[in-house]
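Step one of this worksheet: look at the structure below.
Bear in mind that the values in this text are calculations on the coordinates, not laboratory data. Computed from a predicted structure; not experimentally measured. A quick note on method: Cβ atoms are made from the backbone with ideal geometry, for glycine too, and the neighbour counts reach across all protein chains shown.
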């Protein structure tokens with residue numbers, strides 16, 4: 001998403017947060033406390049989501065695409081009920097997901113587990 005800071009933590013630049021919040025569905029007319037909470041949640045999620053991204057991976061997509069991928073994943077994760085796994089296999093499109101790819105994507109959201117089994 002954005003460049004890493006000195007600590008190696010990912011962060012979302014202050015200038016891009018407003019447009020990211022709009023893409024995430026936080027309206028400008030929302031109360032300030034709601035926008036602040038959504039901004040903090042989005043920054044925290046994207047920072048963790050892209051924490052292990054290597055420097056040579058950043059140029060593969062523009063920042064807007066990295067943001068759209070993270071926002072789309074956050075929206076997908078929010079629809080999961082505790083104790084269940086959400087799985088989707090899809091071909092992302094700009095119109096449907098805010099980003100696109102020539103590849104089929106597999107996304108899995110589940111409770112934190114030390115081991116996953118296919119049984």
What is the distance, in nm, between label points placed 7 Å from the Cα along the Cα-to-Cβ direction at residue 54 and at residue 90?
2.9
With the crude spin-label approximation of a point 7 Å out along Cα→Cβ, what separation in nm comes out for residue 33 versus residue 110?
3.8
Go ahead and run the numbers for FRET between residue 79 and residue 44, Cβ-Cβ distance against an R0 of 25 Å, rounding to 0.05.
0.85
